[in-house]
Amino acid sequence: ILFVNGSMDLRLEGLTVANGRTPQNTTGAGLYNGCGNLTIRQCAFVRNGVNAFYFPYGGAIYSEGGSLTILDSRFEGNTATGYSAGVAVHESVTIIQRSTFLNNRITVNMGSGAVFLSTAPSFIIQDSNFISNTATEVGGDLYSDCPMTLINNTFIANNPDGYCNDKS
């Protein structure tokens with residue numbers, strides 16, 4: 001639905017992004033951020049989905065490069081065939097605060113129902129809720145292959161429960 005490319009700064013506030021779908025083998029059904037500096041505040045990403053075999057990243061958001069800040073937002077009912085139904089991050093400085101991830105699910109491949117993190121230089125999740133997110137293999141709530149900072153978050157009924165961090 002939304003596409004950010006290049007080194008632009010963009011702030012989204014009070015927006016609902018719903019029912020986005022990607023063409024075959026593309027990423028970010030709700031929003032694609034390619035090297036931009038993106039701030040999302042008080043937004044909802046609802047029922048967005050990626051159905052791809054090769055690049056099933058980010059049912060709600062896919063962010064590669066640049067920075068991604070998510071504040072006071074909600075991710076609900078997003079789907080993907082792999083990697084992340086909610087937010088997928090690759091090489092983006094990322095902060096997620098006071099946000100809720102509810103009923104997001106991976107339908108085929110491994111990954112996270114809520115947040116998938118890959119080679120990010122800095123990643124912080126604080127005061128956020130992860131409730132009833134599912135994945136087929138690992139990380140119903142979080143999956144990471146690099147260090148991340150988790151502060152005062154709530155994890156309830158995610159399946160598989162707990163997060164996977166390959167570099168812990």
For the stretch 46-76, give me each residue that is hydroxyl-bearing (Ser, Thr, Tyr) and either touching a strand residue (DSSP E or B) at 6+ places or on another chain (Cβ under 6 Å) or at pLDDT 90 or above (or both).
Tyr57, Tyr62, Ser63, Ser67, Thr69, Ser73
Would you check if there is a residue in the stretch 12-26 being at pLDDT 90 or above, open to solvent by 60 Å² or more (accessible area, probe 1.4 Å) and more than 23 Å from Ile131 (Cα to Cα)?
yes
In the list Phe101, Phe130, which residue meets the criterion of being over 17 Å from Asn48 (Cβ atoms), of a type outside the set (A, V, I, L, M) and in a strand (DSSP E or B)?
Phe130
Just to be sure I understand, how many residues within the stretch 148-168 are open to solvent by 50 Å² or more (accessible area, probe 1.4 Å), farther than 25 Å from Asp72 by Cβ and at pLDDT below 85?
4
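Among residues belonging to the stretch 60-76 that are touching a Phe, Trp or Tyr at 6+ places or on another chain (Cβ under 6 Å) and part of a strand (DSSP E or B), point out the one that is nearest to Gly30 (Cα to Cα).
Within the stretch 60-76, the match that is nearest to Gly30 (Cα to Cα) is Tyr62.
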Given (1) open to solvent by 10 Å² or more (accessible area, probe 1.4 Å); (2) over 11 Å from the mean Cα position of the chain (by Cα); (3) within 19 Å of Phe3 (Cβ to Cβ), where does Asp127 come up short, assuming only one miss?
(3)
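Which residue is modelled with the lowest pLDDT, if the candidates are limited to the stretch 77-98 and must be open to solvent by less than 10 Å² (accessible area, probe 1.4 Å) and either farther than 26 Å from Gly14 by Cβ or in a loop (DSSP other than H, G, I, E, B) (or both)?
Of the stretch 77-98, the ones open to solvent by less than 10 Å² (accessible area, probe 1.4 Å) are 78, 80, 82, 84-89, 92, 94, 96.
Remaining after also requiring either farther than 26 Å from Gly14 by Cβ or in a loop (DSSP other than H, G, I, E, B) (or both): 78, 82, 85-86, 92.
Working: Asn78: 94, Gly82: 76, Ala85: 89, Gly86: 90, Ser92: 90.
Out of the qualifying residues, it is Gly82.
Report, by residue number, each residue of the stretch 52-76 that is closer than 16 Å to Thr136 by Cα, open to solvent by 10 Å² or more (accessible area, probe 1.4 Å) and under 12 Å from the mean Cα position of the chain (by Cα). Working first, answer last.
Residues of the stretch 52-76 that are closer than 16 Å to Thr136 by Cα, as a first pass: 52-53, 56-59.
Next, only the ones that are open to solvent by 10 Å² or more (accessible area, probe 1.4 Å) stay: 53, 57.
Passing the criteria: only Tyr57.
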What are the residue pairs meeting all of these: first residue in the stretch 118-130, first residue under 9 Å from Pro147 (Cα atoms), second residue part of a strand (DSSP E or B) and open to solvent by less than 10 Å² (accessible area, probe 1.4 Å), Cβ atoms under 8 Å, and 6 or more apart or on different chains?
Ala120/Val89; Ala120/Thr94; Ser122/Thr94; Phe123/Val89; Phe123/Thr94; Phe123/Leu117; Phe123/Ser144
If you scan the stretch 104-127, which residues turn out to be assigned to a loop (DSSP other than H, G, I, E, B) and closer than 19 Å to Asn37 by Cα?
Thr119, Ala120, Pro121, Ser122
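The values are calculated or read from the model by the stated rules, or taken from the named source; none is laboratory data. Because the structure is predicted, anything quoted here is derived from the model rather than measured. Glycine gets a Cβ as well: all are built from the backbone with ideal geometry, and neighbour counts include every protein chain shown. Each accessible area value is taken on the protein alone, full model and side chains, heavy atoms only, with ligands, DNA and RNA left out. Shrake-Rupley method; radii C 1.70, N 1.55, O 1.52, S 1.80 Å.
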